[in-house]
Amino acid sequence: MKGERVAQLELLLRSHPEGLRRAEIARRLGVHRSTISRYVEDLSEHIDVYEENNLIKIRQKEEDENIALSIYESLAFNLSAEVLINNSEIQSPHLASGLRKIAMNMRSYAPKISDNMLLVAEKIDQEVQKNRSANSQYNTILEVLIDAWVTGRIVRISLADSDEIELAPYFIGFREENRNRQPITVTGRLRHTKEIITIDITKIVSATLLDETYTIPDNLKPFKMDSSREEKYDAIDMVPLKLELQEKSALNAFRDIVHGDISIAKGENGRLTCTFEAENSIELMMKIFQCGSSVRILGPESYREKYLSYLNDILSVYN
């Protein structure tokens, strides 16, 4: 676990060449601030790490500091940055910072492009300052999503118009829409499901990194429910389930089966209990298996016994 944290620290510092404070590193890694010094010490054994004005940074090698772009590459990069400004709803100060670094490196051989790139960076800063509060929240959330994507960790997301979800980010980029300003979105898999969703980052209220990791499958095939499936199902073979949850996100497993309204309450032991009617099918049984120890059947007793019977049958195969 310690080696994993050190690797995550290296990724964070390389993604933030301007440096990060110890408290911010601890928040992003999900550890106590007192442990950061040990991680920095371990990382410094093979990478030149230093602290300046209370910011932890990686000292760049001389050959890494200069980016040798041709004038054609420089112009293409400059034009791409302008397109990004025109298409993005909210601007990122990191883009302005990166543009300035590249502009200074091309000062000697492409001064006109360098000057224009500096103007673009200034325009970004002005846009950021126009709505400082919204931009600050947006970029904080975007940084968490990027950290989750880079380090392969699940992220808990709170949306403005629904309950919180837990997501394994697969991609961050523009959504293709017929509009002047395209939103930057995050696409990923809902935890405990095969469902792939795309979320406009401006709709996210908060994002928190979790300790759980994930991998992106090589043969990724997004799973989606049939939109023609009815949301309500009135049949006599519906099971009136009562479940105890260790984590609310486990309910995502039941998204693609027929079920009624879900009622959630907090028990005396602090755990969540939920009740809902669900289709009496082998798919329901498989979904509960999928949740593992995250879900425990409280009732009805007959269904609980049926579930235990299935478990015993499976165990008997391996015995």
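Summary table below
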read-out: Top-ranked residue of the stretch 12-39 - restricted to ones that are touching a Leu at 6+ places or on another chain (Cβ under 8 Å) and not in a helix (DSSP H, G or I), ranked as most open to solvent (accessible area, probe 1.4 Å); value: Arg21
read-out: In the stretch 65-93, residue modelled with the lowest pLDDT [restricted to those that are open to solvent by 90 Å² or more (accessible area, probe 1.4 Å) and of a type in the set (Asp, Glu)]; value: Glu65
read-out: Qualifying residue in the stretch 195-212 (condition: modelled with pLDDT under 80, in a loop (DSSP other than H, G, I, E, B) and over 16 Å from Ser294 (Cβ atoms)); value: no
read-out: Residue ID - surrounded by the fewest Cβ atoms within 10 Å (Cβ to Cβ), chosen from residues in the stretch 266-297 that are among the hydroxyl-bearing types (Ser, Thr, Tyr) and not in a strand (DSSP E or B); value: Ser293
read-out: Residue satisfying all of: in the stretch 298-319; free of Cβ contacts under 8 Å to residues at least 60 places away in the same chain and not in a helix (DSSP H, G or I); farthest from the chain's Cα centre (by Cα) among these; value: Asn319
read-out: Candidate set: the stretch 95-108, residues that are touching a Leu at 6+ places or on another chain (Cβ under 9 Å) and open to solvent by 10 Å² or more (accessible area, probe 1.4 Å); chosen: the one nearest to Phe174 (Cα to Cα); value: Leu95
read-out: Residue among Asp42, Asp48, Asp115 that is farther than 20 Å from Glu143 by Cβ, at pLDDT 85 or above and open to solvent by less than 60 Å² (accessible area, probe 1.4 Å); value: Asp42
read-out: Any pair with Cβ under 9 angstrom, 6 or more apart, that starts in the stretch 164-186 at a residue that is over 23 Å from Leu210 (Cβ atoms) and ends at one that is open to solvent by less than 10 Å² (accessible area, probe 1.4 Å) and modelled with pLDDT of 80 or more; value: Phe174/Thr185; Arg175/Thr185; Pro183/Ile201
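The values are calculated or read from the model by the stated rules, or taken from the named source; none is laboratory data. All of these numbers come straight from a predicted model, not from anything done at the bench. Backbone-built Cβ (ideal geometry, glycine too); neighbour counts: all protein chains shown. Ligands, DNA and RNA are excluded from the accessible area calculation, which covers all protein heavy atoms including side chains. Shrake-Rupley method; radii C 1.70, N 1.55, O 1.52, S 1.80 Å.
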